[in-house]
1. Report the extension gain between Val113 and Ala215 in nm, rounded to one decimal, defined as 0.36 nm multiplied by the number of residues separating them, less their alpha carbon distance.
2. Each residue of segment 211-219 in turn: what ³J(HN,Hα) in whole Hz from Karplus with 6.51, -1.76, 1.60 and θ = phi - 60°, glycine and Pro shown as x?
3. Assuming R0 = 35 Å, can you tell me the calculated FRET efficiency for the pair Thr55 and Asp231, based on Cβ-Cβ distance, to the nearest 0.05?
4. Can you compute the charge dipole magnitude of the chain about its Cα centre, using +1 on each Lys and Arg Cβ and -1 on each Asp and Glu Cβ, nothing else charged? Give it in debye, rounded to the nearest 20.
5. How far apart, in nanometres, would the label points at Thr253 and Leu79 be if each is projected 7 angstrom from Cα along the Cα-to-Cβ direction?
6. Identify, among Ser141, Ala249, His205, the residue whose Cα sits farthest towards the positive end of the charge dipole of segment 134-264, taking +1 on the Cβ of Lys and Arg and -1 on the Cβ of Asp and Glu, with the dipole about the Cα centre.
7. Only helical DSSP H runs with n ≥ 4 go in: add -39500 (n - 2.57) per run for the chain, normalise by residue count and round the 222 nm mean residue ellipticity to 500 deg cm²/dmol.
8. Test of understanding: ordering His78, His205, His108 by Cβ neighbours within 10 Å, fewest first, what list do you get?
Amino acid sequence: MSIWINDRPLDALVSAITGLDGYLAPDAGAHELVALADTAAIVGTSVLVTPRTITVTVDIETSLLLDRQTMLDTVASHLRGRLRLRAADRPDREISVVCQGTALTFYHQPLAVVACSLVLTFVAPDPVWTDIEPRVLALSSARVPCPLGTASVAPSLTLYGGTVVNPVVIVRAANGEEVGRLTLTGSLSSTGALVIDAAAQTLDHLVAGVRQTGATVGLAWLTSGTFPLLDPSDADAAQTAWPTIELTASSGTPTGVLTYARRYS
């Protein structure tokens, strides 16, 4: 099995990769159980997201002791900070991890090479895998289908338009039922844009590329509703029917761009 760390193949740094565990199991999340008096517990609304632990076992074999240490130093230099990890059987997806531990086992048998086994433990605080390449879709007053993976996505949107008044972002399930609406109040000029980051829950207003402050700051546009969320429960993947996003406004013709990376539990 080939492993890439920050787009660099791990097997180029070691003699062989001999084990990989913890990366395939789907993460369903743990729902809180609320105890009730004299009856069975009920499922609460909060969900505990458990970090994913991935272990990678590699062999290091060299003919000289100094070469072994050089190889160990090279591996160590690629384990610092937040890392992007992907595997050969899902080359279009990656997961964000940090290395939380290493364990080294020496082979003391009388071998012709100096050998050891190194176990690397990676932890992904967010246990989902994401597409390496994000999807970019054009938005308009028409319903735009948004293909999803197996986990929900909080997308980014940029709204444009020549003199668009009070734009609204509408999210619908695959069957057409409205499941989300973000209502904004203001007038968007031909040089203006609204940048909505649903994951960070932020809204910026730009005019000629300049971020606005004061009375025209982005958050001043918020009137009601929620930031867009695309959820697989609103899709019918078997029928390739997906949730949709559309734009409307009190006047004018809003357009925009939607950006997101599919996520997989």
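Here, each number is a calculation from the coordinates, and none is a lab measurement. None of these values were measured; they are calculated from a predicted model. Positions of Cβ are generated from backbone atoms using ideal geometry, with glycine treated the same way; all protein chains shown enter the neighbour counts.
1. So the chain would gain 29.6 nm between Val113 and Ala215.
2. The phi angles translate into 5, 8, 10, x, 5, 9, 4, x, 5 Hz.
3. 0.65
4. In debye, rounded to 20, the chain gives about 560.
5. Distance between label points: 5.8 nm.
6. His205
7. -1500 deg cm²/dmol
8. The most exposed by this proxy come first: His108, His78, His205.
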